[in-house]
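Presented below is the structure to which this report refers.
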Amino acid sequence: MSADMRLKLGIALVVLGLVMPAGTFLVVATSWPVAVKTMVSGILLFGFEIMLIPAVALMGKDNFDRLRNDAMRHPP
C-alpha cells in the first residue's frame, strides 16, 4: 500500500472519529435500555481518542510527521 493511500485512510479515520460524537443524539432517541445507551454513548463520545490510535498506526511515522510539521508551520 502506498504512502499516499495510507495517509488518506488515516485522515478518513480521524474524520470518522470527529463525527462519532454526533451519533449520541441518535442513541438517545432509541428505546434501548439505559445501560446500553450509556455504554454506546460513551464509546461514541470518546470516538476521536479511540480512532486516533489506529489512524496514526495506519498512517505510519513518516505521514504523521508530515502532518505534524505542516500543522506546526501554520500558526493559528
How do T24, T30, T38 stack up against each other in accessible area, from largest to smallest, with a 1.4 angstrom probe?
T38, T30, T24
Please report how far the C-alpha centroid of segment 53-76 lies from that of segment 1-27, rounded to the nearest whole angstrom.
14
Can you pull the accessible area of M72 for me, 1.4 Å probe, Å² to the nearest 10?
150
Assigned charges on the beta-carbon of Lys, Arg, Asp, Glu; segment 23-76 dipole about Cα centre (debye)
40
Read through the labelled values [x] 19.9, 58; [y] 14.4, 48; [z] 15.8, 48 and report the label of the one computed as Rg and Dmax of the Cα atoms in Å from the structure.
[z]
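The values are calculated or read from the model by the stated rules, or taken from the named source; none is laboratory data. Computed from a predicted model, the values in this text were never measured in an experiment. All Cβ positions, glycine included, derive from the backbone under ideal geometry; neighbour counts span all protein chains shown. Each accessible area value is taken on the protein alone, full model and side chains, heavy atoms only, with ligands, DNA and RNA left out. Shrake-Rupley method; radii C 1.70, N 1.55, O 1.52, S 1.80 Å.
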